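The values are calculated or read from the model by the stated rules, or taken from the named source; none is laboratory data. Please read all numbers here as calculations on a predicted model, not as lab measurements. Cβ placement follows ideal geometry from the backbone for every residue including glycine, while neighbour counts extend to all protein chains displayed. Ligands, DNA and RNA are excluded from the accessible area calculation, which covers all protein heavy atoms including side chains. Shrake-Rupley method; radii C 1.70, N 1.55, O 1.52, S 1.80 Å.
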Amino acid sequence: MSILAWTYIIVILSFALYIGIAIYSRVRTTAGFYIAGRGVPAIVNGMATGADWMSAASFISMAGLISFMGYTGAVYLLGWTGGYVLLALLLAPYLRKFGKFTVPDFIGDRYYSDTARMVAVFCAIFVSFTYVAGQMRGVGVVFSRFLEIDVNSGVIIGMVLVLVYATLGGMKGITYTQAAQYVVLIIAYLIPAIAISWKITGNPIPQLGFGSRIAAGENAGVYLLEAIDAIHRDLGFPEYTAAFVEGKKSMLDVFAITMALMVGTAGLPHVIVRFYTVPSVRAARISAFWALLFIGLLYTTAPAVATFARVNMIQTLHGEAYDSAPEWFSNWEKTGLIRFEDKNQDGIITYSGDKDTNELIVDRDIMVLANPEIAKLPAWVVALVAAGGLAAALSTAAGLLLVISSAISHDLFKRVLKPDMGEKQELLLARLAAAVAVMVAGYFGIHPPGFVAQVVAFAFGLAASSFFPVIILGVFSKRTTKEGAIAGMLSGILFTAAYIIYFKFINRAAGPECWFLGISPEGIGTVGMLINFFVTCVVSRFTKAPPAEVQQIVENIRLPHAARD
Amino acid sequence: MNGEAERGKVYWRKNLKLVLILLSVWFLSGYVLSIFLVEPLNEFSVGGFPLGFWFAQQGSIWVFILLTLVYARVMAKFDRELEDGDEVSS
């Protein structure tokens, strides 16, 4: 059977599964809609968190990025997993104990201020929309490459699907669908990785395989990483495993980006809100462990995939005649994501670190999707990867849409504009808000702003420099006041936003030599976060201490007493 | 009543100490070994991995997973101690 037939079968089956789960777990209450009635078992929440977190970027783009960055790719691996340690130790148990519905809920109540709540609502909506646009685009790309439907129809199919299960089942529907999507995406990621690892090194465990010796071919017996370093030297690239050499990022920049991604991860509302759904504080802690374990399974495989893909790509293309290039090359050439420019007119593909002689231009995003084809794996494996990419994108989109809808129906209307609204009305409003959010996300998917990639740096920087410090201080320092929190959030956001906007949009020509301490816009959230911490603490010291009942809330969330909440 | 408040304080201090220890390990693995010392560590190899590279792309992730497990287990123990104490006094 062809790749196309297999892809249709696997994708349709997986979609039927998601819809079935959504119908089975539809909800009738706002608690069910926002936080799944707090009845989600820790391990299921762990899986759902994993799928929620691992987006099209993790599934499709990350290994490709690492493949081209080598050591420096660790910023994503460390940043997007290390943030969970912060989340598990500093946020999840306390927010669960606090026991409301959303992140702005916590900020508004802890800082006894609707201004703080509104700032939080704004940040939550902005961060979530930037993210969701990228997801819908990912859905469109997978559809167009693997199902040969045009990108726009792909986006619309994705929209309808998310609309059905997000508005019907709310958080409960999303949670159980996400758990199923985790299973689909992890199988889709691991099977090709295991097969390729086995093929290249004879070791079926990818995590060990990329540190093993090459099994066959001209480099047989050489360690894979040594071979790739040698290939890089020959072609004029910086060595794959080398850290801060010429052509790679500086130590300070790697540090700043890693920190910004970690703290940003811990501050992302769609991840935080997942810990509201479990039955107790204890379940919140253990579910953070499950989440990180499930995420870690993919994140420890990704650098192996990156290495295999790098070696495979170079070995199958470099020095080959264009006319006898492998079939996958011409398949992807049609998408425009890989290009050959015969600069010296010899008909042979030359891949080089030197811009003037390099003849091969490869889009990083194709590495994971093309990898099974490059390694000549069977058609059903290629189809599985397509289903996995869709699962990753759809699950993240659904989680983000729920944050947007609850920020509007709960934080904005129920808590501020229309407090006397009944449960039925609020639930209807939440569904409507979710539906509108899907449409807007779909619009951005079809007409993507040309700066999706830049905007991701924005989302993390904003989450890091706005939410993280004030939530931490809200739990760990009773003396933190509303004036401190508002001033801190605003100064953190404004600094970070100004820096990113300046270097990404206004003055794009300004290179690393103009950056503050050599920190790139991706890493500036770290500085924004420090500013936020500093401002919040100083302003808090000089303003009136929080009222007694707020201090009592803080006392209360520090103790577990699972039985009493 | 006083006993309960006192036990709450003790619990919170134990919690802070645990978090501090675990975050030190987090920093050591994720930043010191994976970033600050990566170049000297790369002089050594484990199997086919330069050591610093391994920490940055594999080891630290496993350490992170372990840290969240240890935290959940130890805190569950602290919870039980706190609850047992509360039952005795009330």
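Quick one: A:A498 ticks every box in (1) more than 22 Å from A:A124 (Cα to Cα); (2) surrounded by fewer than 21 Cβ atoms within 10 Å (Cβ to Cβ) except a single one, so which number is it?
(1)
Does B:L33 satisfy being more than 10 Å from chain A (Cβ to nearest Cβ), closer than 18 Å to A:Q207 by Cα, free of Cβ contacts under 8 Å to residues at least 60 places away in the same chain and more than 11 Å from the chain's Cα centre (by Cα)? Break it down into steps so the answer makes sense when it comes.
On the way: more than 10 Å from chain A (Cβ to nearest Cβ): yes; closer than 18 Å to A:Q207 by Cα: no; free of Cβ contacts under 8 Å to residues at least 60 places away in the same chain: yes; more than 11 Å from the chain's Cα centre (by Cα): yes.
No.
Can you confirm whether A:A242 is modelled with pLDDT under 85, among the hydrophobic types (A, V, I, L, M, F, W, C) and more than 29 Å from A:L517 (Cβ to Cβ)?
Answer is no for this residue.
Scan region A:241-254 and tell me whether some residue there is under 16 Å from the mean Cα position of the chain (by Cα) and in a helix (DSSP H, G or I).
no
If the Cβ limit is 7 Å and pairs must be 6+ apart or interchain, which residue in region A:341-359 that is over 23 Å from A:I228 (Cβ atoms) pairs with which residue that is of a type in the set (G, A, S) and surrounded by fewer than 16 Cβ atoms within 10 Å (Cβ to Cβ)?
Every condition considered, the pairs that remain are A:G347/A:A321.
Can you find, within region A:260-281, the residue that is farthest from the chain's Cα centre (by Cα) among those that are in a helix (DSSP H, G or I) and within 15 Å of A:F98 (Cβ to Cβ)?
Filtering region A:260-281 for residues that are in a helix (DSSP H, G or I) and within 15 Å of A:F98 (Cβ to Cβ), the one farthest from the chain's Cα centre (by Cα) comes out as A:V281.
Looking only at helices (runs of 4 or more DSSP H) that lie completely in region A:30-93, which have at least 3 residues being over 30 Å from A:K424 (Cβ atoms) and open to solvent by less than 10 Å² (accessible area, probe 1.4 Å)?
A:42-53, A:63-69, A:74-86
Return the residues of region B:1-21 that are open to solvent by less than 40 Å² (accessible area, probe 1.4 Å) and of a type in the set (A, V, I, L, M); say none if nothing qualifies.
Once the filter is applied, which keeps residues that are open to solvent by less than 40 Å² (accessible area, probe 1.4 Å) and of a type in the set (A, V, I, L, M), region B:1-21 yields B:L18, B:V19.
What are the residue pairs meeting all of these: first residue in region A:535-560, first residue under 26 Å from B:G8 (Cβ atoms) and in contact (Cβ under 8 Å) with a residue 40 or more places away in the chain, second residue open to solvent by less than 40 Å² (accessible area, probe 1.4 Å) and part of a loop (DSSP other than H, G, I, E, B), Cβ atoms under 6 Å, and 6 or more apart or on different chains?
Partner pairs satisfying both residue conditions: A:S540/A:T480; A:S540/A:T481; A:P546/A:T481.
Looking at A:L17 and the list (1) at negative phi; (2) part of a helix (DSSP H, G or I); (3) open to solvent by less than 10 Å² (accessible area, probe 1.4 Å), which single condition is not satisfied?
Result: A:L17 fails condition (3) only.
Is there any pair with a first residue in region A:233-244 that is more than 10 Å from chain B (Cβ to nearest Cβ) and of a type in the set (F, W, Y) and a second that is open to solvent by 40 Å² or more (accessible area, probe 1.4 Å) and in a loop (DSSP other than H, G, I, E, B) whose Cβ atoms are under 6 Å apart and which are 6 or more apart or on different chains, and what are they?
Final answer for the pair search is none.
In region A:501-534, how many are open to solvent by less than 30 Å² (accessible area, probe 1.4 Å), in contact (Cβ under 8 Å) with a residue 40 or more places away in the chain, of a type in the set (A, V, I, L, M, F, W, C) and part of a helix (DSSP H, G or I)?
The number of residues fulfilling the criteria is 3.
If we keep just the residues of region A:187-232 that are part of a helix (DSSP H, G or I) and among the aromatic types (F, W, Y), which is surrounded by the fewest Cβ atoms within 10 Å (Cβ to Cβ)?
Among those residues, the one meeting the criterion is A:W198.
So, in region A:320-336, how many residues would count as being part of a loop (DSSP other than H, G, I, E, B), open to solvent by 50 Å² or more (accessible area, probe 1.4 Å) and without any contact (Cβ under 8 Å) to a residue 40 or more places away in the chain?
Going through region A:320-336 one residue at a time, the tally reaches 2.
For the list (1) under 17 Å from A:A242 (Cα atoms); (2) at pLDDT 90 or above; (3) touching a helix residue (DSSP H, G or I) at 6+ places or on another chain (Cβ under 7 Å); (4) at the interface with chain A (Cβ under 9 Å from one of its Cβ atoms), I need the number of the one condition that B:W54 fails.
Single failed check for B:W54: (3).
If I filter region A:520-532 for residues that are in contact with a Leu (Cβ under 8 Å, 6 or more places away or on another chain) and of a type in the set (S, T, Y), do I get at least one hit?
Checked region A:520-532: no residue is in contact with a Leu (Cβ under 8 Å, 6 or more places away or on another chain) and of a type in the set (S, T, Y).
For the structure I just gave you, tell me whether B:F44 is more than 9 Å from every other protein chain (Cβ to nearest Cβ) and of a type in the set (A, V, I, L, M, F, W, C). Steps first, answer last, please.
On the way: more than 9 Å from every other protein chain (Cβ to nearest Cβ): yes; of a type in the set (A, V, I, L, M, F, W, C): yes.
Yes; evaluated as a whole, the condition is true for this residue.
Conditions: (1) more than 7 Å from chain A (Cβ to nearest Cβ); (2) open to solvent by 10 Å² or more (accessible area, probe 1.4 Å); (3) at pLDDT 90 or above; (4) touching a helix residue (DSSP H, G or I) at 6+ places or on another chain (Cβ under 9 Å). B:S24 meets all but one. Number of the miss?
So the condition that B:S24 fails would be (4).
Take the conditions within 24 Å of A:M62 (Cα to Cα) and among the aliphatic types (A, V, I, L, M) and apply them to A:A116. Does it pass? Before you say what the answer is, go through the steps one by one.
Details: within 24 Å of A:M62 (Cα to Cα): no; among the aliphatic types (A, V, I, L, M): yes.
It is false that A:A116 is within 24 Å of A:M62 (Cα to Cα) and among the aliphatic types (A, V, I, L, M).
Name the one entry in A:G82, A:G73, A:G50, A:G46 that is within 30 Å of A:F244 (Cα to Cα), modelled with pLDDT of 85 or more and either acidic (D, E) or in contact with a Phe, Trp or Tyr (Cβ under 6 Å, 6 or more places away or on another chain) (or both).
A:G82
For A:F122, state whether it is surrounded by fewer than 23 Cβ atoms within 10 Å (Cβ to Cβ), of a type outside the set (S, T, N, Q), assigned to a helix (DSSP H, G or I) and without any contact (Cβ under 8 Å) to a residue 24 or more places away in the chain.
So A:F122 fits the description; yes.
Take the residues in region A:351-367 that are open to solvent by 10 Å² or more (accessible area, probe 1.4 Å) and within 17 Å of A:V311 (Cβ to Cβ); name whichever of them is modelled with the lowest pLDDT.
A:R364
Looking at this structure, is A:A391 aliphatic (A, V, I, L, M) and modelled with pLDDT of 80 or more?
On the way: aliphatic (A, V, I, L, M): yes; modelled with pLDDT of 80 or more: yes.
Judged against the criteria, A:A391 is a match.
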